[in-house]
Each structure stands twice: as structure tokens, then as C-alpha cells.
Amino acid sequence: MTFYGDVRSEVASGDDSLLDTIDPIHREALDDAALMREVALGSVEAFSILVERHSPALYRVAMRMLSDAAEAEDVTQDCFTRLWQNAPRWQPSGAGLVGWLHRVTMNLCFDRKRRFRVVTVDELPDPADDTPLADRRIEADQAAQAVGAALDDLPERYRAALVLCYYEGFSNALAAEVLDLNIKAMESLLFRARRQMRGLLEARDVSCADLEAQA
């Protein structure tokens, strides 16, 4: 991923003196709220730690929502740009910074899905290999592609529920906060998402266990 340097280059150079008395190991151990207080004061170093800490998960979510590496990088970069811009006004609540970052990321993905219709084409198959190991690898790859295609065919809110709860391991309560739902609405959304995903997988002759295997 290349967005880290791009994000950092967009923020203004800040005074990192408040972190100067903390050794690097303990800087990395600071919790999100403490780092956000430093970011609010203009600390690029604290911001960099947060980018390193949270960007992999946000990129994974954006990639599974958009199925496009460039779009996922753009969303992740936009999310951290908003983090820098909103740091002076940010206050810890609920799921904290993790919930805030994932909510922003999801909303950015929803916006992009509404603006653009992504057209995909089938990838060229790998050269044939007659060995049993290669056969198993090809079958696994085909199952992964089928699961990914089924996920892409889901309505965006269904996809978001599965991405958060199955791929990222969020609790229903945390996923509900990210998607701005109450817990009962979240459970209902997840139930409907699982049911529709099951139907899409069955239509592709893929076991529902493959969904969990890809998580």
C-alpha cells in the first residue's frame, strides 16, 4: 500500500515535543485516545502511529467493500485525512477511534459505490498443472473467487455487515455502532445478509463453510 506517505505529506508539520520525553516503545503503546490528544495539538508523530496501527484493517474493509485496490487505497487515505482534520473536535465515545475510523471508511465506500458502477472481468486462468497439489490450489482459488463474487453481489449494507462481523471479527454491538444501527436492527441485518449470501453461494455450488474459510 502506498497511501501512508501520501497521507502524511498532506498534513501540516506539527510540534512533536510532547512525545519527545517518551521512548519509542512506549509511544507505540499509547492508546488511541492519548494519541488523538497529541494529534489534536498537531503531532505528526502521533498521527503516524495511528496510521500504522489502523490502516491495514481499514484497507482490508475498503478492499472487500469495493473490490478495487486503487479505490481501497484512496478510501483509506481519505479516512486518515479526515482524522487529521477532525482531530481537534474528536472526543472518545462508544467504540472509540476504531469505531469512528470504520464508520468513516464504510461511509466513504458507500459513497463511492453510489457514484461508480464497477465493471469486472474474469481473470485469465492459471496455466494447467496436473499435480494433485495444484488441483487443490486451483479449487481453493475458485472457491475464493466465488465467495468474493457472491459478496460483491450483495446489497452494500449486507456486505458491510458480513465484512465487519465475519472478516474483521467485530461484535454485533461494535458493528451496529459503525453502521449507526441499534443492536436489534444489526442482528436482523446480519441474519438477512447471511441468508442472501447462502443463496448466492448455493447458486455457485459453493459451501457456506467457504465463507468462514475466507475470513
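Some points to look at:
- Checking segment 28-37 against the condition returns a match, with at least one residue being of a type outside the set (Lys, Arg), assigned to a helix (DSSP H, G or I) and at pLDDT below 90.
- When residues of segment 64-100 are limited to those that are at negative phi, touching a residue at least 12 places away in the same chain (Cβ under 8 Å) and outside any helix (DSSP H, G or I), the one nearest to the chain's Cα centre (by Cα): Asp68
- Summed over segment 50-63, the residues that are basic (Lys, Arg) and either outside the structural domain of Asn86 (by TED's automatic domain parsing) or in contact (Cβ under 8 Å) with a residue 60 or more places away in the chain (or both) give a count of 1.
- For segment 78-105, the set of residues classified as crowded, with 21+ Cβ neighbours inside 10 Å and of a type outside the set (Val, Ile, Thr) consists of Cys79, Phe80, Leu83, Trp84, Ala87, Trp100, Leu101, His102, listed by residue number.
The values are calculated or read from the model by the stated rules, or taken from the named source; none is laboratory data. Computed from a prediction, not measured in an experiment: that's the story for all the values here. No Cβ is skipped: glycine too gets one built from the backbone with ideal geometry, and neighbour counts run over all protein chains shown.
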